[in-house]
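A.B. asks: What follows is a structure written as structure tokens; I'll ask about it next.
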Amino acid sequence: MIEKRWILHPSFNSEQEQVAQRLAESLKVSPSLATLLVQRGILDFDQSRDFFRPEIRHLHDPFLMADMEKAVERLILAIDSNEKILVYGDYDVDGTTSVAMFYGFLKKIYPNLDYYIPDRYEEGYGVSWQGVDWAEANGYTLIVTLDCGVKSVDKVTAALEKGIDFIICDHHRPGDELPPAVAVLDPKRNDCLYPYKELTGCGVGFKLLQAFCMKQGLDPETLYDYLDLLVVSIASDIVPITGENRVLAFYGLQRLNAQPRTGIKALIQISGISGALDITNVVFGLGPRINAAGRIKHAKEAVRLLLSEIEEEAIAFAEEINKHNSERRNFDSSITEQALFMIENDEWFSNAKSTVLYKEDWHKGVIGIVASRCIEKYHRPTIILTQSHGKAAGSARSVPGFDVYEAIEECADLLEQYGGHTFAAGLTLPLDNVEAFRMRFNEIVSSRIQPDQLVPMINVDMLLELEAITPKFYNILRQMGPFGPGNMTPVFESRNITLVGRPMLMKEKHIKFDVKQNYSAVFTAVGFGMGHFYPDIVNGRPFSICYCLEENNFRDKKTLQLSLKDIKLH
């Protein structure tokens, strides 16, 4: 087990301390809570109000996005001319929620449209030749892409020659050349002045619909009905929950908890989530099930579920998707075991600064998950490859601070195709190039990665005395959500902790025990996957803990408990 680094947030200088003190006084909160806010860039009362009470009016004008005027005009022209419109999305959570939102909204006011999701294995990521051919054969003259298309120059060019226009809604990094679409909506375009750059694909589609509503004089409330889908995309695509995403996630969670659409309600029931949904249980409860449809069978099943308005039908769809998820878990577990065995039993793999593994029969639908599992144990940039249509196809994942997309880009001459983000990417290459790619990628990683990036770290917001933890403290802390990238759940460190009673080992893997600090109240601490600490803490010596605060609801009795992230022995 790799020992983790605890990185404590730097101490404030005198000016920051004064800001925190003024904020504590104006908000009537503890100095600790004011410090957390200042760490997140909340410096005064007005900023605090906007942070704790996001409002829809805080959303940016969609027409600030490059090409938005062109996109809306072309969409209106298609509707007025009764053209056939095809809504085209990716097969992951962001893509399927995008299609369900865009198609679901437009279908209520315009009947002449359909949606298309490419097959993960037969067509691959993004706009496919099969998709363009299908659109031509079925008489579509406008394709709106969601969560894909910004690098599909060749397909969009070919479609244009067939009389098919494109409106592209994407959030991935564009290439050197933009496709010849009527409009390319992507905040990451170099020439796009849109103020917020971190929207999901679903978020970009939402902005197009928002602009469409403004232009057509439609009630925006009808569009806000789809915020439950949008927050699922925000949570599952692991984008920053800051700025505009925070507003969308805040209202999306409200809708998700108060009146989720029929399909999502069925998915919540089948996943066994109890209590209020937050970003975390959307990520781990809903996201993998929606993803499983495209990984194991076809992502159209996920869209059908998300669009379903009949309860019995939705439950049947949800049960089918849940079966796919169980199958995905089995593949995930088996392939992870094989991958870890390959690393552990090969000296070169064990000592490399990166992991690039290939096995021809690994299931393509779970290799991204397997890459993440390998990072949990070996904490280094990882690429898992399998064979697909006579090529090596893979998924890459990275560690904090290292741009895996840039490293892959430097191997472009060995690749046929690649795309993605800083921390996650996909790639395809000839089988004969796998070994050369492995060596080149490792050379690039070795020359750039810093030694501390190879050690897992826990960012700790502050030192906290246990006596500072009260119901009022937790209630205000909870209102700092929704938590996620860019606004993570606060992590605290408490030192000189002593055990009260004897710890409990659960299933030989998890640990639960009561603690106190000096004369503080006694708190229950729970550490999942931390059973290996049992022999060290049972002897009664003081230790330090880092943890998040959570509310435990057992038999209708609510208590605060410490959700452990790590333990350090004195």
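A.B. asks: Can you tell me how many residues within the range 142-162 are surrounded by fewer than 19 Cβ atoms within 10 Å (Cβ to Cβ) and either in contact (Cβ under 8 Å) with a residue 24 or more places away in the chain or within 15 Å of residue 68 (Cβ to Cβ) (or both)? Talk me through it step by step, then tell me what you get.
C.D. replies: Going through the range 142-162, the residues surrounded by fewer than 19 Cβ atoms within 10 Å (Cβ to Cβ) turn out to be 153-154, 157-158, 160-162.
Narrowing further to those that are either in contact (Cβ under 8 Å) with a residue 24 or more places away in the chain or within 15 Å of residue 68 (Cβ to Cβ) (or both): 153, 158, 162.
Adding up the residues that qualify gives 3.
A.B. asks: Out of the strands (runs of 3 or more DSSP E) lying entirely within the range 131-220, which hold 3 or more residues that are modelled with pLDDT of 95 or more and within 16 Å of residue 115 (Cβ to Cβ)? Break it down stepwise before answering.
C.D. replies: Numbers: elements: 142-146, 165-169, 183-185.
In the range 131-220, 142-146, 165-169 are the strands (runs of 3 or more DSSP E) which contain 3 or more residues that are modelled with pLDDT of 95 or more and within 16 Å of residue 115 (Cβ to Cβ).
A.B. asks: Please list, ordered by first then second residue, the pairs with beta carbon atoms under 8 Å, 6 or more apart or interchain, first in the range 309-322 and assigned to a helix (DSSP H, G or I), second surrounded by 14 or more Cβ atoms within 10 Å (Cβ to Cβ) and of a type in the set (Ser, Thr, Tyr).
C.D. replies: 311/262; 314/262; 314/308; 317/308; 322/271
A.B. asks: Select from the range 470-479 the residues that are closer than 16 Å to residue 28 by Cβ and either of a type in the set (Lys, Arg) or touching a helix residue (DSSP H, G or I) at 6+ places or on another chain (Cβ under 8 Å) (or both) and list them in ascending order.
C.D. replies: 472, 473, 476, 477, 479
A.B. asks: In addition: Working only within the range 507-523, note down all residues that are under 12 Å from residue 561 (Cα atoms) and in a loop (DSSP other than H, G, I, E, B).
C.D. replies: Scanning the range 507-523 gives 521, 522.
A.B. asks: Filter the range 372-402 down to the residues that are within 24 Å of the chain's Cα centre (by Cα), of a type outside the set (Lys, Arg) and part of a loop (DSSP other than H, G, I, E, B) and list them by number. Don't jump to the end; show me each part of the working.
C.D. replies: The initial filter retains those residues of the range 372-402 that are within 24 Å of the chain's Cα centre (by Cα), namely 372-386, 393-402.
Within this subset, residues satisfying the condition of being of a type outside the set (Lys, Arg) are 372, 374-376, 378-379, 381-386, 393-396, 398-402.
Those that are within 24 Å of the chain's Cα centre (by Cα), of a type outside the set (Lys, Arg) and part of a loop (DSSP other than H, G, I, E, B): 379, 381, 398, 399, 400, 401, 402.
A.B. asks: Hand me the list of helices (runs of 4 or more DSSP H) wholly inside the range 403-478 holding 1 or more residues that are open to solvent by less than 50 Å² (accessible area, probe 1.4 Å) and either over 17 Å from residue 489 (Cα atoms) or in contact with a His (Cβ under 9 Å, 6 or more places away or on another chain) (or both).
C.D. replies: Numbers: elements: 404-409, 434-448, 471-478.
The helices (runs of 4 or more DSSP H) meeting that bar are 404-409, 434-448.
A.B. asks: Take the range 236-249 and flag every residue that is at pLDDT 95 or above and over 21 Å from residue 195 (Cα atoms).
C.D. replies: Of everything in the range 236-249, nothing turns out to be at pLDDT 95 or above and over 21 Å from residue 195 (Cα atoms).
A.B. asks: If a residue must be basic (Lys, Arg) and out of contact with any Gly (no Cβ under 9 Å at 6 or more places or on another chain), how many such residues does the range 391-407 contain?
C.D. replies: From the range 391-407, those basic (Lys, Arg) are 391, 397; that's our starting set.
Then keep just the ones that are out of contact with any Gly (no Cβ under 9 Å at 6 or more places or on another chain); that gives 391.
The total comes to 1.
A.B. asks: Right, next: Being open to solvent by less than 70 Å² (accessible area, probe 1.4 Å), out of contact with any strand residue (DSSP E or B) (no Cβ under 9 Å at 6 or more places or on another chain) and not in a loop (DSSP other than H, G, I, E, B) narrows it down to one of 75, 37, so name that one.
C.D. replies: Values: 75 fails: out of contact with any strand residue (DSSP E or B) (no Cβ under 9 Å at 6 or more places or on another chain).
Being open to solvent by less than 70 Å² (accessible area, probe 1.4 Å), out of contact with any strand residue (DSSP E or B) (no Cβ under 9 Å at 6 or more places or on another chain) and not in a loop (DSSP other than H, G, I, E, B) holds for just one of 75, 37, which is 37.
A.B. asks: Among the listed residues 252, 243, identify the single one that is among the small types (Gly, Ala, Ser), open to solvent by less than 20 Å² (accessible area, probe 1.4 Å) and within 20 Å of the chain's Cα centre (by Cα).
C.D. replies: Values: 243 fails: open to solvent by less than 20 Å² (accessible area, probe 1.4 Å).
Just a single option satisfies the conditions, and that option is 252.
A.B. asks: Restrict the check to the range 334-352 and report whether at least one residue is outside any helix (DSSP H, G or I) and over 18 Å from residue 456 (Cβ atoms).
C.D. replies: At the first step, the residues of the range 334-352 found to be outside any helix (DSSP H, G or I) are 345-346, 352.
The next check asks that each one be over 18 Å from residue 456 (Cβ atoms); those that pass are 345-346.
Yes, the conditions are met somewhere in the range 334-352.
A.B. asks: Look at the range 40-68 and say how many of its residues are free of Cβ contacts under 8 Å to residues at least 24 places away in the same chain and either open to solvent by less than 30 Å² (accessible area, probe 1.4 Å) or in a helix (DSSP H, G or I) (or both).
C.D. replies: Total meeting the criteria: 7.
The values are calculated or read from the model by the stated rules, or taken from the named source; none is laboratory data. In this text, all values refer to a predicted model and were calculated from it rather than measured experimentally. Every residue, glycine as well, gets a Cβ built from its backbone with ideal geometry; the counts of neighbours run over all protein chains shown. Note: accessible area is taken over every heavy atom of the protein model, side chains too, but ligands, DNA and RNA are not part of it. Shrake-Rupley method; radii C 1.70, N 1.55, O 1.52, S 1.80 Å.
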